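A.B. asks: Please find one structure pasted underneath; my questions will follow.
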Amino acid sequence: MKARSATELLDHLETRTEENLSLARTLAQLPTEQLRKRPAADRWNALECLEHLNRLNGPYHARIFAALEAAGDKPAVATFTSTWIGNKLASSMKPVQGTRPVPTTKKMNPRGAVLDRSILDRFLADERQLRNFIERAREVDLNRVKIRSPLAWIIRLRLGDALRLLTYHDWRHLEQACRAVGVPVPQSAGR
């Protein structure tokens, strides 16, 4: 893969995370009944979209936190280069009109769970933590700090790819949640 500026990548992810927070705050203003409304019988409601993110982000955040704590001897470098698998995974998470739904594991599927507004509070806290990880990542080598995927133990992602994956995955499901409740999704320059 082609090397890119680490600073520009982190700036982009920080901006995207702020946009994700804005979408989540918009959802938080809606009544619970609207957040529980299912757009179709086979689709997740907004709370299920956010609970899916909470279930996935928790294990990733724990691994990123540990990797950042252990990264003291890996100072920042100017460029970041994605691996083939890291780029494929992160890019596949970007919301693109007309894409097929990506199947999820049973453990990460919130369908049918009893969910309340605390899902929103947890997601907002997780998204602020992701923003902090992005800021902390400015001090380390995005290429050398590695994160093992909690879903597929054989996959080790570079920190830059793991942050991209989480940011884009949050974006994808926040837009899905907005569509579920009928909130217009703003067009982003980051598509």
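Every number here is computed from the coordinates shown, using simple stated rules; none is lab data. Values in this document were obtained by computation on a predicted structure and should not be read as measured data. Neighbour counts are summed over all protein chains in view; Cβ atoms, including those assigned to glycine, are modelled from backbone coordinates with ideal geometry.
A.B. asks: Take Asp116, Asp161 and order them by how many other Cβ atoms sit within 10 Å, fewest up front.
C.D. replies: Ranked by crowding around the Cβ, least crowded first: Asp116, Asp161.
A.B. asks: Ok, one more. Scanning the chain for helices, which whole DSSP H stretches are 15 Å or more long along the axis (Cα) and average -1.0 or more by Kyte-Doolittle?
C.D. replies: Once both thresholds are applied, what remains is 6-28, 46-69, 118-137, 159-181.
A.B. asks: Another one. Could you rank the peptides 30-36, 78-84 by their average count of other C-beta atoms within 10 Å per residue, with the highest value first? Let's see the in-between values first.
C.D. replies: Values: 30-36: 14.4, 78-84: 16.4.
The peptides rank, most packed first, as 78-84, 30-36.
A.B. asks: Amide H neighbours of Val145 under 5 Å, at least 5 residues apart or on other chains, H built in the peptide plane: list them.
C.D. replies: Result for Val145 returns Leu159.
A.B. asks: Here's something else I'd like to know. From the P(r) of the stretch 4-181, can you give the percent of Cα pairs sitting at distances over 26 Å?
C.D. replies: When every Cα pair of the stretch 4-181 is considered, 28 percent fall beyond 26 Å.
A.B. asks: Any idea what the relative contact order of the chain is, in percent, if you count C-alpha pairs under 8 Å spaced at least 6 apart? Walk me through the intermediate numbers first.
C.D. replies: Working: 246 pairs, mean separation 77.5, N = 191.
Relative contact order comes out at 41 percent.
A.B. asks: Another question, if that's okay. At a 10 angstrom cut-off on C-beta neighbours, averaged per residue, how do the peptides 50-61, 147-158 rank from highest to lowest?
C.D. replies: The most tightly packed comes first, giving 50-61, 147-158.
A.B. asks: Let me ask something else. Highest mean first, how do 167-174, 124-131, 4-11 rank when packing is the count of other Cβ atoms within 10 Å averaged over residues?
C.D. replies: Order by mean packing, descending: 167-174, 124-131, 4-11.
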